[in-house]
Every structure is written in structure tokens, then in C-alpha cells.
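Reading through the C-alpha cells given below for one structure.
The values are calculated or read from the model by the stated rules, or taken from the named source; none is laboratory data. Predicted model only: the values in this text are computed from it and were never measured. Please note: Cβ atoms are built from the backbone with ideal geometry, for glycine as well, and neighbour counts cover all protein chains shown.
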Amino acid sequence: MPEGYFHGVKHTFIDDGTRPITTQSDESIYLACEAPNANANLFPVGATTLIAGNQDDKMIAGLGLGSDAPQWIDGIFDQVNAKVFLHRLPEGADAAETISNTIGGIDPDTNKRHGLQAAYDVKQRFGIDPSIFIAPGVSQNTAVATEMAAISKKLAAGFIIDGPNGQVDDAIAYRGNFDEQHGLLIDPYVTVWDAEADGEISEPSSARAAGIVAATPWWESASSRVMRGITGAARDIDYRGDGSSRAELLNQNGIATVVRHPKGGYKLLGGRSLSTDPKFTFFKRSRVMNVFARTIVDQMQWTVDKNITRRYFEMVADSMNKWIRREVSLEHIAGGRCWVEPGLNTAESMEGGDAFFDYDFVEYGEAERVTFRAHINNGYLAGIVPV
């Protein structure tokens, strides 16, 4: 109310000071796939449904048996307990129609998004955006993979695609179709035991790789993590660590793979992204950037429509710096800071409603190559002879 005369004691609340920032690091997976035997009431065709985790028995059972969808969910939950947004695709009459259904679009009659495009509506319905995209069985198609890349970039998410499951040269050739810092390519497929078939089958690796990425802290590499629930790789991939193995050839070309590790267990090997920019060689950097982007967009909404005052600049920058210092103290990142750039925050820009804040950071490097250098030092012999 307007200021006016009063005779007595007045109290007012000063709404300034810094705000705490909570890192938005929860990983959730968007899975686009057909589910022909699913319960239509739980999983309507063309709709996105939340499977809340590996204890969501009703939803998991609702997928039915005898199709790929339960395999993908099982593969994810073998690695991690995470939210999965399953978008049920209509069954395609052939491979081409399945690809089109997966890419999706907007229904001209209902204005509803479908396919991968429906990911844009996930936050409105469920409160969070998916952070990892997969489409097992079709992501080895360039059209699907590039659509995943486009959507994940807009949503500050990552995407994981499968290779062609052929020879090493085939995987390297497919890798050449992409220059995407948010993407991870894995080849070949893996083998698993199918209880319905009473035997081994091969399946795309991307669902299990997504589970591993979701289980890995955002400040660490997903490479060299155990891939659970498999009996092996669908193609022999040797790994020796001397630069001459198939696994290292794939990794060198930006392709993750699955190996029987010399110290035991089958592991995801390779942490390089699909980017050709040396600054974004490693997939982990994009994960860190995405967590920062999601956190700032979610946690800094309070800064909108405030008066742009000196104190406003101070409290926003201070809030950011307190958060960054905490991440540094936890050794999630190596360093960073936020500041106000005078050259951007001009009188004209502020009058027009713009306020700019710059920040920088760097995460820790990951030890892809570890070298031990041996030195012969005969000085240690000098004290052997008694005096």
C-alpha cells in the first residue's frame, strides 16, 4: 500500500539476499519404442507413461511379454533405479514406417505431439525433463539418431544410439554421420538370456548403456563401469590396453563398446562423445554442462521480473557463486565463478529488460591414458657398502 502517515511501530520484510541453489542432477530416461503386448489402459498408444523405478511392479508387468519393450526396461533396471518415460509407438507396417513413427511430429487433428517429439511435453506433465534419450532397435538409423540429437540439445539432455552391429569398419563409418557433443554411440549389441526362448539372444546395447550413464554421478565418466545382466558382446571385441585392440580402435573413433575386462566382468568401455570439436571430446563434459543448464533454468526462476538494481546483480551473482563453490568443495568440478559483465549490462539493455550474468567452470579431466615412466637410478646403490 502507498506510504502515508502512521503513528506507531511498522514492520516490513526486505526480500533480498542470496537464494540456495539445489543441483538438478536426477537422471531420467526417455524411451521411444513399440510395446505391442502392453496393457492399453496403462500404456496408451501414442502416449508417454512414467515407470517410476524398478519397484513399479504394476507398470512393469503392464508391458506384457513377448516383445522388446520389457527387454529395454529390464536392461535399464539391471543397471539403475531411475524414472523411465516410455512413449509407446504405434506398430509400424515396415521398417520405414517404424522410423517415421519414432521420429514423430504433431498430429494435425489433435495437436498432440508423438514419437520423440512428445518429449517436449514431459516436463509439463511430470515436472522434469528427461535427461537421456534412447530408441533401441531404430537408433542405428541416421534419421532417428539425428532427431534424437536435435531434441536432446534443446532439452539439455544426452542421447545414446546403437551402432550397426556389423564389423568395426561399419561402426566407424556410421560414426562419421555425426558431430554432436551430447551423443554417445555404442557398438556392438550384447547377448542376454531370454527366459521365454530358453536361450541367448542379442539386443541393442543402448538401453543398458543408458542405465549405466544414469547410475554414474554426473561429474564422473561412465566408461569402465560394469554392464550387468548380459552374457557377452554379440561380436568379439578384444581389449588389451596397448593401442592395437578392436576396443581401442572403436574408442579412438568416438565409439563406446562392451568388453570382457581383463580384471573381470563385462564393462562399458569408452567415454568419448560424437563431437569433432576437441573441446568436447568427452561425453562427460556435456553431462556436466547439461546439469548446470538444467539447474540454472530450474533454480533461478526467482530472478525473473525483479527490479534490476545494484543489489539485484549482487544477490544473483552471490547465489551462483555460493553454489559453484559448493560444487568445487565436493570435487564435482575443479573451479568456476559467476560475474556481471559491465559491457553487456548497459543502460539501454537494462532499460529494455535484460540482465546478463556470465559464469565459467571446468570439470576434472578423466584418465583415459595412464602412463607410468620407469627410471633407472644407480644412486640407490651408494649406501650398500658398509663404511
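Any chance segment 239-250 includes a residue that's among the polar types (S, T, N, Q) and either more than 21 Å from N81 (Cα to Cα) or touching a helix residue (DSSP H, G or I) at 6+ places or on another chain (Cβ under 6 Å) (or both)? Yes, segment 239-250 contains at least one residue that is among the polar types (S, T, N, Q) and either more than 21 Å from N81 (Cα to Cα) or touching a helix residue (DSSP H, G or I) at 6+ places or on another chain (Cβ under 6 Å) (or both). Over 19 Å from the mean Cα position of the chain (by Cα), basic (K, R) and in the same structural domain as H182 (by TED's automatic domain parsing): is that true of K267 in this structure? Answer is no for this residue.
One line per residue, one yes/no per condition, for (1) touching a residue at least 12 places away in the same chain (Cβ under 8 Å); (2) of a type in the set (D, E); (3) within 25 Å of E147 (Cα to Cα):
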| position | (1), (2), (3) |
| --- | --- |
| Q181 | yes, no, yes |
| A195 | no, no, no |
| E203 | yes, yes, yes |
| A209 | yes, no, yes |
| W218 | yes, no, yes |
| V226 | yes, no, no |
| A234 | yes, no, no |
| D238 | yes, yes, no |
| R246 | yes, no, no |
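Looking at A143, A119, A135, A157, just one residue is surrounded by fewer than 23 Cβ atoms within 10 Å (Cβ to Cβ) and under 30 Å from L269 (Cβ atoms), and that residue is A143.
Please work out if S273 is farther than 26 Å from F372 by Cα and either surrounded by fewer than 15 Cβ atoms within 10 Å (Cβ to Cβ) or not aromatic (F, W, Y) (or both). Answer is yes for this residue.
For A173, the criteria (1) surrounded by 19 or more Cβ atoms within 10 Å (Cβ to Cβ); (2) modelled with pLDDT of 95 or more hold in every case but one, which is (1). Of all residues in segment 301-342, those being basic (K, R) and under 26 Å from R285 (Cβ atoms) number 4. Between V213, V192, the distinction of being in a strand (DSSP E or B), at pLDDT 95 or above and not charged (D, E, K, R) belongs to V192 only.
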